[in-house]
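All remarks here apply to the structure that follows.
The values are calculated or read from the model by the stated rules, or taken from the named source; none is laboratory data. For clarity, every value in this text was computed on a predicted model and none was experimentally measured. So basically every Cβ, Gly included, is an ideal-geometry build from the backbone, and we count neighbours across all protein chains shown.
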Amino acid sequence: MDYMRVNEINSSKDFMSLKEKWNELLQASQHTVFSTFEWLATWWKYFGHGRKLKLLIVEDHGEIIAIAPLMYSIHKILGLRRGIIEFIGTPDSDYNNFIITKRHSECLKMFIDHLYEAPENWECISLLDIPEKAECLQYLAQVSKTLKQVHQCPVLLLPSSYAEFLQNFNYNERRYFKRNMKRLERAFTVEFVDYSSPEKVNEGMHILFKLHQKRWQSKGFKGVFADSTTRNFHLELAKTFALKNWLCLYALRLSGEVAAVDYGFRYNSKYYGYLTGFDPEYAYYCVGNLLRLFAIRKFIQEGIAEFDFLRGAEEYKERWNAVPRWNYQAVITRKGKIATIQHWLYEHFWRQGNRLRYVLKIQ
């Protein structure tokens, strides 16, 4: 007799009680740092307001074997309300996935079947930023209305030595690094500063906030850290990660002044480069690239195998000879032709509404 069943968790208290079991399941499943309890629980604490927790648990003979970290959100644009079921952490998590240890296809089917019976008035299940190597994609390709590439995530594969790493670049590129470093050392006293420890993380994060904002405001943009909730989320997250030795918070200090900061996460022999900040007054010296060189040398010494640039195909990532990888989005609608037509109309309106909102903001 089969004793598999789905339970749904809707309260933050019950979510918090899963911490020990959650981390146990992660060790037996495919995941990234964005699926850790620490990331998702902290995100929910700061951004869960106005959303409904829909954490689905599959039990097999009383043993938890899978978790679907989902939430129900109401998206609004130009007066239209749209109910969507999505991963917790969207849109701040660069990778999303189910946590499944065994009976993979059966668990996914149970999750989707459960959501079809959910009382919420959802228009679609939008599963965004699933890594291309995720096992769930094969099943989602069969049941989703849409499965498409959405974001490129370049990854730099790190060799066993820094000298070997430099050989990946041509003569002119190596000369560029060397020339900029000499220029910097002639003008300043150069220091590579590590703010990753619990004792220094608070100071380092406030420097990051300041420089990130300074850079984007110089371009006429508000900047992500203009929002106090976002600042508080990352500050608490950084402190939590520092205690677990997952935080990488590095700075380039020039004659006593911090010119650039790199903020990311070290997890399972991989570095996730989340955000940077640098003072535009030092742009001439290419301080962001030079700080990254310092960091990569440290990562290679520590045995880090990959430097993940995360979402976005920005031009600067191409200069590092990163390998392109893709995130996918799976969209599941309610069954029937009417639901399909309704979803198409929503999508069309949403695209046009976002374009109009963008134009209005520019003006």
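A few points about this structure:
- Considering Lys76, Lys109, the condition of being free of Cβ contacts under 8 Å to residues at least 12 places away in the same chain and under 21 Å from Gln329 (Cα atoms) is satisfied by Lys76 alone.
- Within the range 195-207, the residues that satisfy the criterion of being part of a loop (DSSP other than H, G, I, E, B) and either surrounded by fewer than 17 Cβ atoms within 10 Å (Cβ to Cβ) or not assigned by TED's automatic domain parsing to the domain that holds Gly273 (or both) are Ser197, Pro198, Glu199, Lys200.
- Whichever residue in the range 125-151 is buried (at least 17 other Cβ atoms within 10 Å of the Cβ) and touching a Lys or Arg at 6+ places or on another chain (Cβ under 8 Å) and, among such residues, is farthest from Lys54 (Cα to Cα): His151
- Condition check for Lys109: surrounded by fewer than 17 Cβ atoms within 10 Å (Cβ to Cβ) and assigned to a helix (DSSP H, G or I): yes
- One residue stands out in the range 161-189 among those that are modelled with pLDDT of 95 or more and outside any helix (DSSP H, G or I): the one that is surrounded by the most Cβ atoms within 10 Å (Cβ to Cβ), namely Phe188.
- Evaluating Phe192 against the criteria (1) more than 18 Å from Ala283 (Cα to Cα); (2) in a strand (DSSP E or B); (3) not basic (Lys, Arg) leaves one unmet condition, (1).
Each row is one residue, and each column tells you yes or no for (1) part of a loop (DSSP other than H, G, I, E, B); (2) touching a Ser or Thr at 6+ places or on another chain (Cβ under 9 Å).
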position: Phe15; (1), (2): no, no
position: Trp22; (1), (2): no, yes
position: Ser29; (1), (2): yes, yes
position: Ala41; (1), (2): no, yes
position: Tyr46; (1), (2): no, yes
position: Ala68; (1), (2): no, no
position: Asp92; (1), (2): yes, yes
position: Asn96; (1), (2): yes, yes
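- For the range 211-257, a residue qualifies if it is of a type in the set (Ser, Thr, Tyr) and not in a loop (DSSP other than H, G, I, E, B), and the qualifying residues are Ser218, Ser228, Thr229, Thr230, Thr240, Tyr250.
- Criterion violated by Ile207 - all others in (1) more than 30 Å from Val323 (Cα to Cα); (2) touching a His at 6+ places or on another chain (Cβ under 8 Å) satisfied: (2)
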